[in-house]
Amino acid sequence: MSVMDKLKQMLKGHEDQAGQGIDKAGDFVDEKTQNKYSSQVDTAQDRLKQQLDADGGQTPNPNRDNPPQS
């Protein structure tokens, strides 16, 4: 089981609070960097929120934890 799967299980039922925490962390980073990396922080926030959604808006990848060997 991946770390992201464990986080999803722990946050189940508390998605709103997790989203607020992501926003708060992004605001903190923006403040400390004087908004120098604002667009990158916004992108990271959006992607993290997508990952924490039930399916992340994507179909699960069965090879994610065990990539094919060449």
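The values are calculated or read from the model by the stated rules, or taken from the named source; none is laboratory data. Here the structure is a predicted model, which means the values were calculated and not measured. Note: ideal-geometry Cβ built from the backbone for every residue, glycine included; neighbour counts use all protein chains shown.
For (1) within 19 Å of residue 7 (Cα to Cα); (2) assigned to a loop (DSSP other than H, G, I, E, B); (3) among the hydrophobic types (A, V, I, L, M, F, W, C); (4) modelled with pLDDT of 95 or more, each residue gets a yes or a no:
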{"residue": "42", "(1), (2), (3), (4)": "no, no, no, yes"}
{"residue": "47", "(1), (2), (3), (4)": "yes, no, no, no"}
{"residue": "60", "(1), (2), (3), (4)": "yes, yes, no, no"}
{"residue": "64", "(1), (2), (3), (4)": "yes, yes, no, no"}
{"residue": "68", "(1), (2), (3), (4)": "no, yes, no, no"}
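Of all residues in the range 1-38, those satisfying the criterion of being in contact with a helix residue (DSSP H, G or I) (Cβ under 9 Å, 6 or more places away or on another chain) and among the hydrophobic types (A, V, I, L, M, F, W, C) are 1, 4, 7, 11, 18, 22, 25, 29. Within the range 17-41, residues that are exposed (fewer than 14 other Cβ atoms within 10 Å of the Cβ) have Cβ atoms under 6 Å from residues that are modelled with pLDDT of 95 or more and not aliphatic (A, V, I, L, M) in these pairs: 38/30, counting only partners at least 6 apart in sequence or on another chain. Within the range 49-58, how many residues are surrounded by 12 or more Cβ atoms within 10 Å (Cβ to Cβ) and modelled with pLDDT under 55? Of the residues in the range 49-58, 1 are surrounded by 12 or more Cβ atoms within 10 Å (Cβ to Cβ) and modelled with pLDDT under 55.
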